[in-house]
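First comes the structure, then the notes that go with it.
The values are calculated or read from the model by the stated rules, or taken from the named source; none is laboratory data. For clarity, every value in this text was computed on a predicted model and none was experimentally measured. Cβ placement follows ideal geometry from the backbone for every residue including glycine, while neighbour counts extend to all protein chains displayed.
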Amino acid sequence: MYHSVTFSLPDSSSSSGYKWRKNSYSDFHLVSDGRPVIPLPEPITKYIDVPGASGQLDISESLTNYPLYTSREGSINFIVLNDYGPEDNWSKRYQMISQHIHGRRLEMVLEDDPEYFYEGRFKIESWESPSDGPWSTLTIGFLLDSYKYWDELIDLPIPVDSTGTTLYFSHRIGNLGTMPAIPLIEVTQVSSQIEVTATNPEIFSGTVVHNINHAAMYQFQDIVLSDFDGENTCSLRFKGNGYVRVYLRNGDL
């Protein structure tokens, strides 16, 4: 097993969602020197010394009610396969890989973890060809977002009627991750006001309510969905008359 990695350049104007996709083995003819492991991000912490008290006051989650993390930084080492084709040339291969990878912000999917993708900026850290060895080696460095992602479309195929339609997010149904996520709500064919009610006891107490009067895309910054403890307590409720789609970018550590 080659433990390959697929790099992609997103392009919202393309039907596939990508300008191009390149696999480390089949396109670049690289073999990782082991299973790629993306390091976890470091927790962002804040402590305050309190005069007259032992220890320190932990205020790391005082503004958010959930932990924050740094970016993920690391690298993946590859072995460069020799003489892959009759016209294979190390300088041309180096140039091709560099043009696709070096300095670009890309998405990355690991063959060993195909349900998720990482997003961040990549660079070629080194290309070494030792005189006493048969293989060249290539190191690709990265600085990635804190979470690994997956996208989800939740379609309500029936009209939201006057009694309200409730959409509950739960583990693998609605598929919420630990990353706090702000849903993108698309409303069409609005014939009366639609009331959106959100509940997330993990982050905010009570409920958040917004009213929608026009067909459009909406993203309310105070509607934040998450599933830190696996109890799936978030919900969205739509009441009114129209059609609703919810687009959600989920994330996990």
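Taking the criterion of being loosely packed, with under 14 Cβ neighbours inside 10 Å and among the acidic types (Asp, Glu), the residues of region 209-231 that qualify are ASP222, ASP229, GLU231. So if I check each of VAL187, VAL196, which one is outside the structural domain of TYR118 (by TED's automatic domain parsing), farther than 14 Å from TYR247 by Cα, outside any loop (DSSP other than H, G, I, E, B) and aliphatic (A, V, I, L, M)? Criteria check complete, one pass: VAL196.
The residues of region 101-115 that are within 16 Å of ARG72 (Cα to Cα) and either touching a helix residue (DSSP H, G or I) at 6+ places or on another chain (Cβ under 9 Å) or modelled with pLDDT under 95 (or both) amount to a single one, LEU106. On inspection, SER126 qualifies as more than 20 Å from ARG35 (Cβ to Cβ) and in contact with a strand residue (DSSP E or B) (Cβ under 7 Å, 6 or more places away or on another chain).
If only residues of region 48-89 that are at pLDDT 80 or above and charged (D, E, K, R) are counted, the one that is surrounded by the fewest Cβ atoms within 10 Å (Cβ to Cβ) is ASP49. Residues in region 15-54 that are over 24 Å from ILE140 (Cβ atoms), touching a strand residue (DSSP E or B) at 6+ places or on another chain (Cβ under 9 Å) and of a type outside the set (D, E, K, R): PRO43, ILE44, THR45, TYR47, ILE48, VAL50. Scanning region 5-31 for residues that are buried (at least 16 other Cβ atoms within 10 Å of the Cβ), over 19 Å from the mean Cα position of the chain (by Cα) and hydroxyl-bearing (Ser, Thr, Tyr) yields SER24, TYR25. Does region 198-208 include one or more residues that are over 25 Å from the mean Cα position of the chain (by Cα), closer than 20 Å to SER162 by Cβ and buried (at least 19 other Cβ atoms within 10 Å of the Cβ)? The answer is no; no qualifying residue exists.
Taking region 209-226 as the range and being within 20 Å of THR178 (Cα to Cα) and assigned to a strand (DSSP E or B) as the test, only LEU225 passes. The set of residues in region 123-147 that are modelled with pLDDT under 95, among the charged types (D, E, K, R) and either surrounded by 16 or more Cβ atoms within 10 Å (Cβ to Cβ) or not in a strand (DSSP E or B) (or both) contains only ASP132. Report, ordered by the first and then the second residue, all pairs with beta carbons closer than 6 Å, sequence separation of six or more or different chains, a first member in region 35-50 that is at positive phi, and a second member that is among the charged types (D, E, K, R). Within 6 Å, no pair qualifies.
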